[in-house]
Each structure stands twice: as C-alpha cells, then as structure tokens.
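Engineer: First, the structure itself, so that you have it in front of you.
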C-alpha cells in the first residue's frame, strides 16, 4: 500500500479514537458540571459542521482519488452523513440551532449501521444482507491498532455528533 495512504490511515485511526474520547468527555460534562457549556453553545454547531464537512471530504478522497470502492453499508453511512453538512451549514448561516434536531435524526441510524459493519469486519455473523454492488461489507480496507476499522471510525464520528447535538439542544 502507498505510504501516504498508510500514514493517513494511522492519522484517521487516531482521529477515530479522539472522537470516542471527545464523546465521552462531552457526555460526562453534560451530565455533571457543564463546564464546557459556554464553549459548546458558541462553537458546537460550527465544530459539527466542520467535522461533517471534513469527514465527508475524506470519504470522497478515499473513493474518488485513492480508488477504494465503497460497499453498500458504506454508502448508507454516507447517506446519513452528507446531508448534515448542508443542514448544519444552513443552520449556522441563519443562526438556527434547531437544525441540530434534523442532524441528530440522521446521526443515529448512521451510528447503528457503522457499528453493524464494524461487527461484520471483525468476523461477526451477518444477520442483514450486505447491499454491496461494488464492494464487500465485511472486507477491511483499514485495520489499525488491532481494532480500528473505517466503520468504527464512522461510529466514533456519529457518536461524537450525537452527544454534541444533545449538548447543543440542552444549551439553547
């Protein structure tokens, strides 16, 4: 594999771990002392927008530039991620925080699909057929640190977004 892709894989895997840690910190803060409330109220939606924009861009880089064919479950996760860029961007533009309600509705199924695909890539039994036309949903493109797959990174992003959306909704 190309050294650039290998380096990017490691960096993305670290980013996936950071997403899970960020979700844990935000969830803990939300239900304890709300020390981050002012920061989340001011910058939470902008952060969510940048996160969804960045992750959406990276998915396109891997498929369109590096040539990795996304499977059916990958496409389903993209279907739940891509609209959030426009929803959050519009919400930021018109200064309407209720836009996170719509993004939250998209993040929950994206998270569930990502966990299911991670289960498949770790060798779990398939209980729903893979809707793959071009790729195999159980095939690992990335496997860093002995556990981190693309679907697990996706689950981390969706989980961070879900917790962040709940936090934003609690602060408005």
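Engineer: Given (1) in contact (Cβ under 8 Å) with a residue 24 or more places away in the chain; (2) assigned to a helix (DSSP H, G or I), where does residue 97 come up short, assuming only one miss?
Structural biologist: Status for residue 97: all satisfied but (2).
Engineer: In addition: Looking for whichever is within 19 Å of the chain's Cα centre (by Cα) and either part of a helix (DSSP H, G or I) or within 17 Å of residue 114 (Cβ to Cβ) (or both) here; the options are 14, 92. Which one fits?
Structural biologist: 14
Engineer: I'm checking my understanding of the structure. Among residues of segment 105-123 that are more than 12 Å from the chain's Cα centre (by Cα) and part of a helix (DSSP H, G or I), which one is surrounded by the most Cβ atoms within 10 Å (Cβ to Cβ)?
Structural biologist: Checked segment 105-123; the qualifying residue surrounded by the most Cβ atoms within 10 Å (Cβ to Cβ) is 117.
Engineer: What number of residues within segment 147-162 are crowded, with 24+ Cβ neighbours inside 10 Å and closer than 17 Å to residue 45 by Cα?
Structural biologist: Here the count works out to 4.
Engineer: Here's a follow-up. Among the residues of segment 35-73, count how many are out of contact with any helix residue (DSSP H, G or I) (no Cβ under 9 Å at 6 or more places or on another chain) and in contact (Cβ under 8 Å) with a residue 12 or more places away in the chain.
Structural biologist: Residues flagged as out of contact with any helix residue (DSSP H, G or I) (no Cβ under 9 Å at 6 or more places or on another chain) and in contact (Cβ under 8 Å) with a residue 12 or more places away in the chain within segment 35-73 amount to 1.
Engineer: Would you be able to say whether some residue in segment 63-79 is within 13 Å of the chain's Cα centre (by Cα), under 22 Å from residue 121 (Cβ atoms), at pLDDT 95 or above and surrounded by 14 or more Cβ atoms within 10 Å (Cβ to Cβ)?
Structural biologist: yes
Engineer: Filter segment 32-47 for residues that are more than 17 Å from residue 19 (Cβ to Cβ), outside any helix (DSSP H, G or I) and within 24 Å of the chain's Cα centre (by Cα) and give the result.
Structural biologist: 34
Engineer: Can you report the number of residues in segment 97-115 which are in contact with a helix residue (DSSP H, G or I) (Cβ under 8 Å, 6 or more places away or on another chain) and farther than 25 Å from residue 5 by Cβ?
Structural biologist: 13
The values are calculated or read from the model by the stated rules, or taken from the named source; none is laboratory data. Bear in mind the structure is a predicted one, so any value in this text is a computation, not a measurement. Counting neighbours? That spans all protein chains shown, and the Cβs are built from the backbone with ideal geometry, glycine included.
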